[in-house]
Amino acid sequence: MALWVRTSAKPSRAFFYIAIDLGVPIVTPLRTQTQITMLSTAVGFKPVARTHRICAARRPAGARTLAPLRAASSSNLKSAEAMGAIAFSHIMLTILDSHEFLSEGSKSAVTTAAALAQKDQGKVTVLIIEEPGTTAKDPAKQLETLQWHLKDKGCTDFQVLQRATTQPASVMVGDVADEVAADMVVVSSEAIHAKYVDANQLAEFVSCPLLVLP
């Protein structure tokens with residue numbers, strides 16, 4: 001696992017990246033080394049030396065480059081373990097998918113969101129964003145498919161929101177996450193590769209931890 005920090009235009013704010021073996025980033029605003037250590041310990045990974053960069057999206061003009069953090073000391077890790085793991089009680093699953101039966105990336109996101117919610121006895125809010133290129137031919141069938149997959153994974157405490165937008169979807173993801181008070185946002189990297197959302201904008205507008213799945 002590699003730890004990275006990219007500072008934003010505001011000196012008091014930073015974005016924290018975790019890269020694990022599968023290349024899955026978690027992006028969250030953190031300000032101290034102790035908080036970084038706590039989160040990395042909570043998700044079950046120990047910091048090691050730098051391996052590779054994980055943010056492949058376009059970087060805005062003038063943005064600062066990524067800088068590696070030094071591995072946390074064993075004493076800090078023990079302190080984080082003593083304070084307990086961080087729990088996520090409200091997961092927001094973001095779907096931008098035109099497939100009625102869901103793409104493999106969306107299925108992976110559904111599975112992960114359901115597992116995270118069950119781990120901490122939380123709930124899931126599914127946000128289906130409809131914009132050019134992401135609207136299913138049969139939205140009712142897609143909704144039925146989503147509900148089936150969530151229930152199949154043991155998740156019964158969930159709600160579904162369907163939103164159409166003409167503005168950048170990344171902004172809507174952040175707005176809805178704040179609206180429902182989500183403490184974790186899950187999205188498939190397929191949406192980033194297809195340019196439905198922008199990774200840098202997600203990091204800017206989503207104020208809670210963000211999990212992007214390959």
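The values are calculated or read from the model by the stated rules, or taken from the named source; none is laboratory data. None of these values were measured; they are calculated from a predicted model. Glycine also receives a Cβ, built like all others from the backbone with ideal geometry; neighbour counts cover every protein chain displayed.
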Taking the stretch 127-183 on its own, how many of its residues are on the phi > 0 side of the Ramachandran plot and among the aliphatic types (A, V, I, L, M)?
1
Top-ranked residue in the stretch 163-182 [being assigned to a loop (DSSP other than H, G, I, E, B) and modelled with pLDDT of 95 or more; ranked as surrounded by the most Cβ atoms within 10 Å (Cβ to Cβ)]
A182
For the stretch 183-210, what are the residues that are part of a helix (DSSP H, G or I), within 27 Å of Q118 (Cβ to Cβ) and in contact with a helix residue (DSSP H, G or I) (Cβ under 6 Å, 6 or more places away or on another chain)?
E190, I192, L202
Could you look through the stretch 123-147, keep only residues that are buried (at least 17 other Cβ atoms within 10 Å of the Cβ) and in contact (Cβ under 8 Å) with a residue 40 or more places away in the chain, and pick out the one that is nearest to F88 (Cα to Cα)?
T125
